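These notes are about the structure you will find just below.
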Amino acid sequence: MIANDSTTASVIIDFDSIKNLTASEALAIDRLILDELSSDVVLINQIGHYIIGNGGKRLRPMLLLLAAKALGKVEDHHLIMAAVIEFIHTATLLHDDVVDESVLRRGKESANAVWGNAASVLVGDYLYSSAFEMMVRNRAIDCIVRGEGEATARDLLLALRDDAPLAPIPGITYREGDEIVANPEREAIAELDLIPSPFAAGLVDLAKPLVYYETSRGCPFSCAFCMSSIDSGVRSFPMARIERDLLLLMEGGARTVKLVDRTFNYDAARANQIWRFILAQRSASKFHFEIAADLLTGENLALLAEVPPGQFRFEIGVQSGGEETLAKVERSSSLARLFGNVRRLKAETNITVHLDLVAGLPGECVAEIDGDNHHRVVRLQTVEIRAFGICCFSQVLCQKE
C-alpha cells in the first residue's frame, strides 16, 4: 500500500512481504545454526534445538540481511553474523526465562520448565561462547571491544571516523592483515557518574517485565570460578545518581527492577540507604538483589523487616555448604553467619529468598551433589534453592577437576 500527502510519500509493506525478501538466506542461516549447535553433549543439542526451533520472527538476523542487501549483496560472512546474533539472542532468552521464572516461551513450555534452571543457564552460556568462536572465525569482523565499553567504544568510533590508528586505543582487539592484535586492557572507569544515565536519556523501555539496573561495579569476593574475580575492588555510582535513576524507574512504572550488582550489600550502610529510599517512595515496583547474607548487619535486618510482602527478592550465593570447598575456590564467607541470617530473613521479613549452589566445585563432583554440604543448605527449608553446574554436563568432566 502507498500512502501520500502533500509533503511525504511512504510505502507500507506487510511483514510477510519483508520476510520473503530474505527467505532463501534465512534457510541458509537455519542450516548454519544447526551445524554450529552440534555437540557431543546431548543436552546441549536438545535444548538448543528446542528453543531455536520454537519459532519467532528472527527480526535481528533479518535486519542484518536486509542491510546487506541494501548495500550490495549477502555474502557468507553476513550469514555467519546473522547466526551469531541469533545465538546471542537465544542465550539471553534462556537466561531471562530463568530470572523471570517463566514457564512459557512463544506459547510452549520454556526450556527451564522442561530441563530446569541449571541446564538452561549452562546452555545459554554455551551459546554465548559459540557465538564468540564464530566471530573469531569470521574475517568480516574487524574489531572487538573488551571489558567496560563506554569509553573504549567512543574512542574507537572517533578513530574510525578520523581514519586514525587503532594501536593507541586500550581495550580493543582488532585485525591487522593476517594478525589479530590485542591492545592492553583499559583501566576501569574511576568516576562512574561520567557514564550518562540511559534512564534519564529515555533509552530504556520501562514497560518491559524486567528492567536491569546497576548501582555498582566489581565484587568484594575473589571466587576462582567467577569472572567477577578479574576485577579489583568495588566502585559505586554516586548516591544522588542512584536515587535519581531509581525514582525514574519507580515513577515510570517499572514492574521488576533486577539490580545486577555482583554483591549489592558489600557496604551495609550504603545498602540500607538505598533500601530506605526505595521504601520511602511506597512504589509498586519490585526489586531483585544479589546479596551476600553473611554481610547483613543487625541494622540491615531491622530495616528489611519493614519491606512489604513481595517487594524484595534476594538471590544469595551460598555456592557450597562446605567450608573446605569454599576455601579451595577462595570464597571468603562465614557459613554460620550466612545460615543464621537466612533463617532471620525467613522468620523476620517478607522477603523472598533464593539460595544459589554451584555443583562441581573442587571436592564436590556429581556423586557428591547429594552429600552433607548441600544438605546443610536444604535443611534451611522454606527457601528456594537453585543449583548451577560448573563442570558442564558430564561426570567425566567433573572427575577431571
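The values are calculated or read from the model by the stated rules, or taken from the named source; none is laboratory data. These numbers were taken from a predicted model, which means no experiment stands behind them. Note that we place each Cβ from the backbone using ideal geometry, even for glycine, and neighbour counts take in every protein chain shown.
Summed over region 307-357, residues that are in a strand (DSSP E or B) and touching a residue at least 60 places away in the same chain (Cβ under 8 Å) total 1. A single entry from PHE221, PHE237 fulfils the requirement of being out of contact with any Leu (no Cβ under 9 Å at 6 or more places or on another chain), in the same structural domain as GLY252 (by TED's automatic domain parsing) and over 17 Å from GLY171 (Cα atoms): PHE221. Of the strands (runs of 3 or more DSSP E) lying entirely inside region 233-306, those containing at least 2 residues that are modelled with pLDDT of 95 or more and hydrophobic (A, V, I, L, M, F, W, C) are 256-259, 286-291.
Of all residues in region 181-211, those being among the β-branched types (Val, Ile, Thr) and part of a loop (DSSP other than H, G, I, E, B) number 3.
Selection of region 307-316 for residues being modelled with pLDDT under 95 and touching a helix residue (DSSP H, G or I) at 6+ places or on another chain (Cβ under 7 Å) yields only ILE316. Considering region 134-180, and only residues there that are crowded, with 17+ Cβ neighbours inside 10 Å and acidic (Asp, Glu), the residue that is nearest to VAL84 (Cα to Cα) turns out to be GLU148.
Can you confirm whether region 55-62 contains a residue that is in contact with a helix residue (DSSP H, G or I) (Cβ under 9 Å, 6 or more places away or on another chain), part of a helix (DSSP H, G or I), at pLDDT 85 or above and crowded, with 18+ Cβ neighbours inside 10 Å? Yes, region 55-62 has at least one match.
The set of residues in region 145-180 being modelled with pLDDT of 90 or more, outside any loop (DSSP other than H, G, I, E, B) and aliphatic (A, V, I, L, M) consists of VAL145, ALA151, ALA153, LEU156, LEU157, LEU158, ALA159, LEU160, ILE172. Would you call GLU384 surrounded by fewer than 20 Cβ atoms within 10 Å (Cβ to Cβ), under 29 Å from GLY124 (Cα atoms), modelled with pLDDT under 70 and touching a His at 6+ places or on another chain (Cβ under 9 Å)? Criteria met by GLU384. Scanning region 239-268 for residues that are under 27 Å from SER332 (Cα atoms) and small (Gly, Ala, Ser) yields a single hit, ALA268.
Counting only residues that are β-branched (Val, Ile, Thr) and surrounded by 20 or more Cβ atoms within 10 Å (Cβ to Cβ), which one in region 238-273 is farthest from HIS354 (Cα to Cα)?
Selected residue: ILE242.
Among the residues of region 212-220, are any assigned to a loop (DSSP other than H, G, I, E, B), touching a helix residue (DSSP H, G or I) at 6+ places or on another chain (Cβ under 8 Å), closer than 18 Å to ASP96 by Cβ and without any contact (Cβ under 8 Å) to a residue 60 or more places away in the chain? Looking for residues that are assigned to a loop (DSSP other than H, G, I, E, B), touching a helix residue (DSSP H, G or I) at 6+ places or on another chain (Cβ under 8 Å), closer than 18 Å to ASP96 by Cβ and without any contact (Cβ under 8 Å) to a residue 60 or more places away in the chain, one finds none in region 212-220, hence no.
When only residues in region 169-179 that are touching a residue at least 24 places away in the same chain (Cβ under 8 Å) and of a type outside the set (Phe, Trp, Tyr) count, which is nearest to ALA140 (Cα to Cα)?
ARG175
With (1) outside the structural domain of ARG241 (by TED's automatic domain parsing); (2) under 25 Å from the mean Cα position of the chain (by Cα); (3) in contact (Cβ under 8 Å) with a residue 12 or more places away in the chain as the list, and ALA200 as the residue in question, which single condition is left unmet? So ALA200 meets the others, but not (1).
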